[in-house]
Amino acid sequence: MNSIILSSDRIVKANGFYETLRKTRPRTRADLKNYLKIFLGIEIGDTKICPEHNSPMDYLWHCYNSDFDGSTTGDCVVWAGRGGGKTLLAAAATLLDSIFKPGCKTRILAGSELQAQRMYDYMLGFLRNGFERFAAGPVRKDRCVFLNGSDVEVLTQSAASVRGSHIHKLRCDEVELFDRQIFEAAKFVTKSTDNIVGAMETLSTMHQPFGIMHDIVGKAQSAGVPIFKWCVWEVIENCKDRSCSRCPLNNDCQGRARKANGYLRIDDCLAQMRRSSRSAFESEMLCLRPSLENVVFAEFEPDVHIGEVEYDTTLPLYRAIDFGFVNPFVCLWIQVDGKGTVRVIDEYVKSRITIDGHADEIKNRKPFVEDNVIATFCDPAGAGVNDVTGTSAVFQLRQAGVKLRYKRSSILEGIELVRRALRSGDGVSNLVISPRCGRLIEAMQCYHYPPVGAEELPLKDGIYDHPIDALRYFFVNYQTSNPAKNRRY
């Protein structure tokens, strides 16, 4: 009898100790990893397999610890593949914030209501696994309040829902599917308080080179916002008994799975690879590059078509212009070498400047000499008379001494000429672009067709179409056998 009482007493003490640990805030990365395993039942991968990647634990430690290490911002970007655990990890981070950061206000916003609900449901699953006593009152299907003043709520993709919030943490899941206006509004909802840092976390796979996630990653890199990136190899299960030479994954894996310790089953990964296209597998699972679906110039390869090309005074010099005011005015400087390779050596892209200002810039651009310019090819629409000024952009530039020529053509005609230069029928490339031409390079990768419908013409988005238009005008005028028009006004 005494032994039974003693055993019961030990159980009570053990349970008390266990619950005390549940309430104890993890202080170190190792503590946090153990806490997640013991109390949430998840074991987070903490090994980066690809040299340029991160581990999932890197992300979780960042968003958890940013309120304790004196950080001034908790913003971050998570770029991970399908099945990479982004939503589950964000749900775990939400519960941790709610428990260990009293008064923390967290909102969940996703590309679809279903996706937002999924993150919230993951969090409720953790909550119902021994954390019920932390909640204050009944848990609603879209909102949970905690005894310490923290709360979590699911937001809908609407301006009213987003603009009406001022909170600490905003977790945006699958941002690639967001409405752009909603995403822009969401940037202003976070607010720091004395003990909690305001943070906007954006999580997604990068599906398209012209999508929101592509923009977010580019801006995060220039702004110094942390980007946590991992792919299938950081989350796949450890491979022990398979033959590499017989495995369909071997060309991509190259032994990586033997170092992994994740949860994604190898057989599931094999099934996904078999049922998807190569480009989709590379973007969705390997995070190598966005899918080229709907991209106009899928033939563009940075390793082939970007190169250090300098101005050669022995070669003829051309310019190509696309007019704009609110949308950018674009000018490209181009030469063609003896082998017929088109060399785009510089660019000028500016908005909200008058034609006179553009004329001064392009005529005095160093190291070019205006007298060496053979011709400047332009948009035929620039010859139209403006109702306000009573003149045309073509007339104004000619008055400034710029030798303009143009030939009317269809968009598809110019696109085909650019494609032929990127890769001719015999596989030869005749186009190289200087790294100085960043806007043109971005446009070559992002110029795209509308995502839905049977539209044959690329989307005129006001961003990527203008550098491409300037390039088209060069090819249409230079490579056509028909003489270009040269009119005087």
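Any read-out appearing in this document is the output of simple, stated calculations on the displayed coordinates, not a laboratory observation. Predicted model only: the values in this text are computed from it and were never measured. Glycine gets a Cβ as well: all are built from the backbone with ideal geometry, and neighbour counts include every protein chain shown.
With 0.36 nm allotted per residue and the present C-alpha distance subtracted, the ASN250-LEU177 stretch has 23.1 nm of extension available. Over segment 19-230, Cα pairs under 8 Å with separation of 6+ residues give a relative contact order of 27 percent.
Proximity of backbone amide H atoms, modeled 1.01 Å from N, is registered between SER392 and ASN386 at under 5 Å, excluding neighbours fewer than 5 places apart on the same chain.
Along segment 64-71 the Karplus relation, 6.51 cos²θ - 1.76 cosθ + 1.60 evaluated at θ = phi - 60°, assigns HN-Hα couplings of 6, 8, 4, 8, 10, 9, x, 5 Hz to successive residues, with x for each Gly and Pro. Straight Cα distances below 12 angstrom link LYS33 to the aspartates and glutamates GLU43, ASP46, ASP58, with same-chain residues fewer than 8 positions distant left out. Taking every C-alpha pair closer than 8 Å and separated by at least 6 residues, the mean separation divided by the residue count of the chain gives a relative contact order of 13 percent. The ranking of CYS63, CYS50 from fewest to most other beta carbons within 10 Å of each one's beta carbon is CYS50, CYS63. Counting other Cβ atoms within 10 Å, keep those with at most 13, restrict to DSSP loop, and tell me which GluC sites (Glu not before Pro) in segment 290-334 are left. Passing sites in segment 290-334 are GLU308, GLU310.
Applying a DSSP loop filter and a limit of 15 other Cβ atoms within 10 Å to the trypsin sites (Lys or Arg not before Pro) in segment 117-201 leaves ARG128, ARG140, LYS141, LYS187, LYS191.
Computed over segment 332-391, relative contact order equals 17 percent, with contacts defined as Cα pairs under 8 Å that lie 6+ residues apart.
Seen from VAL309, the other residues with C-beta closer than 11 Å to its C-beta sum to a net charge of -3, counting Lys and Arg as +1 and Asp and Glu as -1. Phi-derived couplings, Karplus 6.51 cos²θ - 1.76 cosθ + 1.60 at θ = phi - 60°, listed residue by residue for segment 233-248: 6, 7, 10, 6, 5, 5, 9, 10, 10, 8, 8, 4, 5, 9, 8, x Hz, with x used for Gly and Pro. Segment 144-165 and segment 275-327 have Cα centres lying 41 Å from one another.
Phi angles of segment 182-192 translate, via the Karplus equation with coefficients 6.51, -1.76, 1.60 and θ = phi - 60°, into HN-Hα couplings of 5, 5, 4, 5, 5, 5, 10, 9, 8, 8, 7 Hz per residue; Gly and Pro are given as x. Multiplying the residue separation of VAL385 and ASP303 by 0.36 nm and removing their Cα-Cα distance gives an extension gain of 25.3 nm.
For segment 397-455, the set of GluC sites (Glu not before Pro) satisfying both a DSSP loop assignment and a count of at most 11 other C-beta atoms within 10 Å is given as GLU455. In this Cβ point-charge picture (+1 for Lys and Arg, -1 for Asp and Glu), the chain has a dipole of about 680 debye about its Cα centre.
Scanning residues 5 or more positions from PHE228 or on other chains, those with amide H under 5 Å from its amide H are VAL77, VAL78, TRP79, with H placed 1.01 Å from N in the peptide plane.
For percent of Cα pairs over 33 Å apart, computed directly from the structure shown, the correct entry in [x] 46; [y] 52; [z] 68 is [y].
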